[in-house]
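Chemist: I am attaching a structure below and will ask some questions about it afterwards.
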Amino acid sequence: MVESLDVARIRKDFPILERRVRGDHPLVYLDSAATSQKPTVVLDAERHFYETSNAGVHRGAHQLAEEATDAYEGARAEIASFVGAQPDDLVFTKNATEGLNLAAYAFSNSSALVAHAPERVDPRFVLRPGDSVVVTQMEHHANLVPWQEACAKTGATLRWIGLTDDGRLDLADLDRVIDSTTKAVAVVHQSNLLGTVNPVRLLMDRAHAVGAIGVVDACQSVPHMPVDVPSLGADLVAWSGHKMLGPTGIGVLWGSTDVLASMPPFLTGGSMIETVQMEHSTYAAPPKRFEAGTPMTAQAVGLAAAVRYLSDLGMHRVAEHEHALTGYALAALQALRGVRIIGPDTNHDRGSAVSFAVDGIHPHDVGQFLDDRGVAVRVGHHCAWPTCRRFDVPATTRLSTYVYNDESDIDQAIDGILAAQAFFGA
Amino acid sequence: MNVEALYQDIILDHYKHPRGRGLLAEASGESHQVNPTCGDEVTVQVSLGPEGGLVVGFEGQGCSISQASASVMSELVSGVPAARADAIRAEFLELMRGKGAVEPDEDVLGDAVAFAGVAKYPARIKCALLPWTALQDAQARAGIIADTQPDEGSISTQKEGRS
């Protein structure tokens, strides 16, 4: 049953869902894969922190500094527990993009350091001409462009795992793509455009079999399903806070203890050092090594409130709810003439981001018709332009749901698509 | 304002039956512009005709607004001198940036007045401007630049003559 979550009660926790838009239409928010809305408890947690305990963390000899440090490190522990991880293996970043750049820069920085400071370098992170980095053809630009840059700086070659016509990874020649030259394998857990859930464990095991570091973009999985991050089998896993009911301005990079300890710093400056002299510095142990400058304390507190909220709902129930809604959306879209799903059209190993093309109507125009009725969807290439090209579409329209959506939201979107078809005569 | 007011019949007509679509056999300048947020693309080519007017060709793929805008633009600027093309572009730019408060001048803009509603949708303004940006860039690459002195074909002269 879709109603395993009490959506009517949940919606009361999200003030923005009371908004009326484009005249007097109730907001129908189907763009949670871009960013989720925030429940009152998250907003209250941030406000409460600023009103009671705001101070610099990890410094200062006063009570507020102690409380702020406790709030920040307490948030780290809660968020770690939510994904089955140890607190010290969690690095707070600005967003998931920064986390993935942190991973890619561990390679390009190690490759630059090796000539002049080889004692600081773990050879697993050194890229040279002849080495390869492997991604997939369904990566968000955030897990593609940083690796393109790392390859450009080091002379390594970027390879990718292609896709089948039904939007899944083509694993037929996996052993050829990931081979003895491969130093990093970076893959998305759940595609933000296609909705595909990838067999990351298999890919990470293959990476480790050739001695490569495994990186997972978990932006669309951690918010929507129970994820025990260490058991993904990766070395580094990045995701964002704002897609899982948390504030903007905070993301998480999880790393295995050993791998984090082997990585050079990314951003440098205050907070991340051990000793500093005019000639050189030494660096703090992870996670602080990777958290230069004043951290995003209130955002961490807000994200901890978000994971408490999700834990109270139960991630298994969240996943079940979304699975049912996704099945409903797929069936409703497939019942429409002239609508093609871009991505898996069956509801197994797939998440709630559903992209589609409407014959004869550009996604921008579909989106405009939905917006006219208060239905908020994403149109465009969803920061996965090569994936669009693979399916020969310039862009798609994408519905994406979360805990506050139900079938009536999908129905509204379907009505909007029908109206666009009627108007454009498509 | 509702969505039907955005999609004027003129826009739909140009979208479904684009005028002047196609690339030139020989172009002096070409510009390919993309809207990176949605993937709309347009290529505009330009050369100078024997009478001193612009010869314009275009290709593209994208939403109704961007593709109709390219069609309307090609009608408006084909055969006119660079100075007049500049003046029409300036007028269109003013309309797009006017947040719906600018009254379009049909004498200058012709079918492009139908894009007045676009100005109220910030996300779509870039779609409408895409071909005009490409034209400006293609002209610059071809060296087909208006003289600093407005000639008789320019809009400023026409405006002065209007009551």
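The values are calculated or read from the model by the stated rules, or taken from the named source; none is laboratory data. Keep in mind that this is a model prediction, so the values were computed, not measured. Methodologically, a virtual Cβ is constructed for each residue, glycine included, from the backbone with ideal geometry; neighbour enumeration extends over all protein chains shown. Note: areas computed on protein heavy atoms with side chains; ligands, DNA, RNA excluded. Shrake-Rupley method; radii C 1.70, N 1.55, O 1.52, S 1.80 Å.
Chemist: Mind listing the phi-derived Karplus ³J(HN,Hα) values for the range A:81-93, rounded to whole Hz, using 6.51, -1.76 and 1.60 with θ = phi - 60°, and x for any glycine or proline?
Modeler: Computed from phi, the couplings for the range A:81-93 are 4, 4, 10, x, 10, 7, x, 6, 8, 10, 9, 7, 10 Hz.
Chemist: Sticking with this structure for a sec: What percent do you get for the relative contact order of the range A:33-192 when only Cα pairs under 8 Å and 6+ apart count?
Modeler: Values: 178 pairs, mean separation 27.4, N = 160.
Result for the range A:33-192 is 17 percent.
Chemist: Among A:395-402, B:11-18, what's the highest-first ranking by average C-beta atoms within 10 angstrom per residue? Display every interim value, and only then the final one.
Modeler: Values: A:395-402: 27.9, B:11-18: 18.2.
Going by the mean number of other Cβ atoms within 10 Å, highest first, we get A:395-402, B:11-18.
Chemist: With chain A treated as a Gaussian network of Cα nodes joined by springs under 10 Å, which of A:Ala45, A:Ala172, A:Ala284 yields the largest mean-square fluctuation?
Modeler: Checking each option, the largest mean-square fluctuation is seen for A:Ala172.
Chemist: Say we join alpha carbon atoms closer than 10 Å with springs in a Gaussian network model of chain A; which of A:Leu30, A:Leu127, A:Leu313 then has the biggest fluctuation?
Modeler: A:Leu313
Chemist: Pairs of alpha-carbon atoms within less than 8 angstrom and 6+ residues apart define the contacts here; what relative contact order does the range A:108-199 have, in percent?
Modeler: Numbers: 140 pairs, mean separation 28.6, N = 92.
Reported as a whole number, the value is 31 percent.
Chemist: Does anyone have the angle between helix A:407-424 and the longest principal axis of chain A? Alpha-carbon axes, 0 to 90°, nearest 10?
Modeler: That works out to roughly 70 degrees.
Chemist: May I ask you to order A:354-366, B:33-45 by the average number of other C-beta atoms within 10 Å around their residues, highest value first?
Modeler: Details: A:354-366: 24.3, B:33-45: 21.5.
Ranked from most to least packed, the peptides come out as A:354-366, B:33-45.
Chemist: So, one more: Count neighbours as other Cβ atoms within 10 Å of each site's Cβ, and list the GluC sites (Glu not before Pro) in the range A:59-112 that are DSSP loop with at most 14 such neighbours.
Modeler: On the way: sites: A:Glu66, A:Glu67, A:Glu73, A:Glu78, A:Glu98; in loops: none.
Within the range A:59-112, no GluC sites (Glu not before Pro) qualify (loop, at most 14 other Cβ atoms within 10 Å).
Chemist: Where does each of A:49-61, B:70-82, A:199-211 land if you order them by average Cβ count within 10 Å, highest first?
Modeler: Packing order, densest peptide first, comes out as B:70-82, A:199-211, A:49-61.
Chemist: How far, in degrees from 0 to 90, does helix A:40-52 lean away from the longest principal axis of the Cα atoms of chain A, to the nearest 10?
Modeler: 40 degrees
Chemist: Any idea what angle helix A:96-113 forms with the longest principal axis of chain A, computed on alpha-carbon atoms, 0 to 90 degrees, nearest 10?
Modeler: Relative to chain A, helix A:96-113 is tipped by roughly 30 degrees.
Chemist: Can I ask one more? For the range A:367-426, rounded, prolate or oblate, judged on the Cα gyration tensor with a ≥ b ≥ c (square roots of eigenvalues), a/c < 1.5 rounded, else prolate if a/b > b/c? Write down the numbers at each step before the final one.
Modeler: On the way: a/c = 2.47, a/b = 1.27, b/c = 1.94.
Oblate.
Chemist: Next question. Taking the Cα centre of the range A:185-264 as the origin, how large is its charge dipole in debye, to the nearest 20, when only Lys and Arg (+1) and Asp and Glu (-1) carry charge on their Cβ atoms? Can you show the working numbers first?
Modeler: Values: 3 positive and 5 negative charges, 34 e Å.
So the dipole magnitude of the range A:185-264 works out to roughly 160 debye.
Chemist: Give the average, rounded to an integer, of partner chain Cβ atoms located within 10 angstrom of each Cβ in A:364-373.
Modeler: That average works out to 5.
Chemist: Student exercise: in chain A, how many lysine pairs 8 or more apart or on different chains have Cα atoms under 15 Å apart?
Modeler: Details: A:Lys12/A:Lys38; A:Lys38/A:Lys243; A:Lys94/A:Lys243; A:Lys94/A:Lys288; A:Lys153/A:Lys183.
Going through chain A pair by pair, I get 5.
Chemist: Which one, A:Asp165, A:Asp88, A:Asp24, has the greatest fluctuation when you compute a Gaussian network model over chain A with C-alpha springs under 10 angstrom?
Modeler: Among A:Asp165, A:Asp88, A:Asp24, the largest GNM mean-square fluctuation belongs to A:Asp24.
Chemist: What average count of beta carbons from other chains do you get within 10 Å of the Cβ of residues in B:57-65? Before the final figure, lay out each step's value.
Modeler: On the way: counts 0, 0, 0, 0, 3, 6, 11, 6, 4.
Taking the mean over all residues of the peptide, I get 3.
Chemist: Take every DSSP beta bridge whose two residues both sit in the protein assembly as shown, then give the antiparallel share in percent to the nearest 5.
Modeler: Around 70 percent of the beta bridges assigned by DSSP in the protein assembly as shown are antiparallel ones.
Chemist: With the other protein chains left in place, how much accessible area per residue, in square angstrom, belongs to the range A:335-426 at a 1.4 angstrom probe?
Modeler: The answer is 31 Å² per residue.
Chemist: Now, a different point. Give me the inter-chain shielding for B:35-45: mean count of other chain Cβ atoms within 10 Å, whole number please. Please report the intermediate quantities before stating the final value.
Modeler: Details: counts 3, 4, 6, 9, 14, 5, 1, 0, 0, 0, 0.
Mean partner-chain Cβ count within 10 Å for B:35-45: 4.
Chemist: Just to confirm my numbers, what's the Cα centroid distance between the range B:81-142 and the range A:147-179 in Å?
Modeler: So the two Cα centres are separated by 43 Å.
Chemist: Taking a cut-off of 17 Å between Cα atoms, list the lysines near B:Lys99, but don't count ones fewer than 8 places away on the same chain.
Modeler: B:Lys120, B:Lys126
Chemist: In percent, how large is the relative contact order of chain A, given Cα pairs closer than 8 Å and 6 or more residues apart? List each step's numbers first, then the result.
Modeler: Working: 879 pairs, mean separation 95.9, N = 426.
About 23 percent, as a whole number.
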